[in-house]
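Read-outs throughout are calculated quantities, based only on the coordinates presented, and are distinct from any laboratory measurement. Given the structure is predicted, the values throughout are model-derived calculations rather than measurements. No Cβ is skipped: glycine too gets one built from the backbone with ideal geometry, and neighbour counts run over all protein chains shown.
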Amino acid sequence: MQRRTFIRNTSLAAAGLGLSAKVLATPSPLTSNKLPKWKGFNLLDFFNPNGVPTKQPTTDDHFKWMNDWGFDFVRLPIAYPYYLDFDRSRNITPEEVYKINPKAIDEIDNVVMLAHKHNIHVSLNLHRAPGYCINAGFYEPYNLWKDEEAQKAFYFHWNMWAKKYKNVSSKKISFDLVNEPSMREDMNDQHSRSSAVPGDVYRKVAKGALEAIRKENPDHLVIADGNNVGNSVITEITDLPIAQSCRGYYPHAISHYKAPWANKDPEHLPEPKWPGQVGDQYLQRSMLEKYYQPWIDLANKGVGVHCGECGCWNKTPHDVFIAWFGDVLDILSSNNIGFAIWNFIGDFGILNSGRADVAYEDWNGYKLDRKLLALLQKH
């Protein structure tokens, strides 16, 4: 796997990440990224806060296929209520946020161990953290960015996960603090007005979580998703031993065409083209280069960078998707930045994506998008 090419015994201090020296990446000629060029998938087994196991769990075979195809990374976006024990017939109380369900923790751990069996690094992510999620659908009793009670609960959860994996190699697991932060007016309405989290606030919360993790786990990688829903470099934390995660969804006119959770009027949108005129914008590679330049600069300054989510919903024409995504991946890969598409099986994935314009290949009972797989393998 390509990752081995990048591993060197570089000093921990030079990493600036709190990451074991064994997993540091050798600088490329273009970008000196401190992270390995991991590539893989997000797995949605624990994405739903309802606590009910997914109908399509990730299996040993799935991890074997990933490994066989050359992938070495998965990100687990977890909704914290999934692993709690509380009365789900009503809204959760702040006290119940601390009621861990050991059985649910074991379910998550089983997936982690399967990934490790196939030499795949796992990045644990709180997709829904106490007091914040980019998606609605579960009532939050407070606001992570404003309420100290929410922040204490956030630190508690990360301390718990750090303790759980304190004896697991840093080559195998890392901690991604909270998915796509933003300062939303109404924490329980994903369509309410939002903006970037104030930098000093983001720093306070990220630093508090880092310290909670370090109490149990002194050298594992900690990652912070970019501010303003993953789009912006967090300049206020570049002095901390925390890597940063960008996104591969820009522009949304391509990646989220007709997505109902991302558009107020999904049925009346201009048809996506790449390159081409879409609405009042001409979409082309140069806009991607401008978008990713701050992330490339960040990596060159000594902060590890990875693209924790990327891809395209299944309503975008496949040829447009492949043309656009080829440019995204080329920019990331040529600057030594790894990536993880949003899912393995499903709307964004390489299996059973449900696209109407793909000649799928039968693969062990699944429908494989071979063209997308080949593009991912190329980079």
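Computed quantities for the displayed model
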{"item": "Spin-label pair Ala356/Lys371, simplified geometry with 7 Å Cα→Cβ offset, distance in nm", "result": "1.6 nm"}
{"item": "Helix-derived mean residue ellipticity, 222 nm - over the chain, DSSP H n ≥ 4, -39500 (n - 2.57), to 500", "result": "-9000 deg cm²/dmol"}
{"item": "Total charge dipole magnitude, segment 3-378, about the Cα centre, Cβ charges on Lys, Arg, Asp, Glu only, Debye to nearest 20", "result": "1100 debye"}
{"item": "Shape call, segment 276-379: gyration tensor on alpha carbons, a/c limit 1.5", "result": "oblate"}
{"item": "Inter-label distance for Ser32 and Asn188, nm, one decimal - labels placed 7 Å from Cα along Cα-to-Cβ", "result": "4.9 nm"}
{"item": "Selected from Trp161, Trp324, Trp65 as most flexible by GNM, with the chain as the system and alpha-carbon contacts under 10 Å", "result": "Trp65"}
{"item": "Residues Met160, Met183, Met66, Met113 arranged by fewest to most Cβ contacts within 10 Å", "result": "Met113, Met160, Met183, Met66"}
{"item": "Candidates Asn364, Asn231, Asn110, ranked by Gaussian network fluctuation over the chain, Cα under 10 Å, top entry", "result": "Asn364"}
{"item": "Likely footprinting exposure, Ile173, Ile345, fewest C-beta neighbours within 10 Å first", "result": "Ile345, Ile173"}
{"item": "Residue (of Val111, Tyr139, Ala150) at the positive-pole extreme of segment 103-150, dipole from beta-carbon charges", "result": "Val111"}
{"item": "Loop-exposed GluC sites (Glu not before Pro) per DSSP, neighbour cap 12 Cβ within 10 angstrom, longest uninterrupted part of the chain", "result": "1-184"}
{"item": "Sparse-neighbourhood loop sites, chymotrypsin sites (Phe, Trp or Tyr not before Pro) in segment 234-310 - DSSP loop, at most 15 other Cβ within 10 angstrom", "result": "Trp261"}
{"item": "Most to least packed among 274-280, 33-39 [average Cβ atoms within 10 Å]", "result": "33-39, 274-280"}
{"item": "Length gained when the stretch Gln281-Val168 is fully extended (0.36 nm per residue, less Cα-Cα span)", "result": "35.9 nm"}
{"item": "Where N is the number of residues in segment 187-265, Cα Rg divided by 2.2 N^0.38 Å", "result": "1.33"}
{"item": "Identified option (computed volume of the Cα convex hull per residue in Å³; candidates [x] 132; [y] 170; [z] 294)", "result": "[x]"}
